[in-house]
Amino acid sequence: MSDLEMRKKVRKLQLRSAIAKMALHELVEDLPVKWTEIQEVAEKTHALYAELDAAKRELSTMKNVR
């Protein structure tokens, strides 16, 4: 994957992660009504942030190799 492609991937993941974070925040505001959805939304948010972290690390490694 090229440097440009990796930067695009990181930007997309940043957007998706921000959206997931807001969904989790909105869910918390709706407590206790939607308490059954906490685990599902939190797992999705966690997975997105883990993917974002991995992509950022890969991009950083690509920059340091040059």
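Bear in mind that the values in this text are calculations on the coordinates, not laboratory data. Predicted model, so just to flag it, every value in this text is computed and none were measured. Note: ideal-geometry Cβ built from the backbone for every residue, glycine included; neighbour counts use all protein chains shown.
Brief remarks on what is shown
- Put simply, of Arg16, Arg57 the only residue that is surrounded by 13 or more Cβ atoms within 10 Å (Cβ to Cβ), among the basic types (Lys, Arg) and out of contact with any strand residue (DSSP E or B) (no Cβ under 9 Å at 6 or more places or on another chain) is Arg16.
- Residues in the range 43-66 that are in contact with a Leu (Cβ under 6 Å, 6 or more places away or on another chain) and among the hydrophobic types (A, V, I, L, M, F, W, C) were compared, and the one that is farthest from Ser2 (Cα to Cα) is Leu52.
- The set of residues from the range 7-35 being in contact (Cβ under 8 Å) with a residue 12 or more places away in the chain and of a type outside the set (S, T, N, Q) comprises Arg7, Lys9, Val10, Leu13, Arg16, Ala20, Lys21, Ala23, Leu24, Leu27.
- Cβ pairs under 7 Å, 6+ apart, first in the range 49-61 and over 20 Å from Lys21 (Cα atoms), second of a type outside the set (Val, Ile, Thr) and in a helix (DSSP H, G or I): Glu58/Met6; Leu59/Met6; Leu59/Arg7
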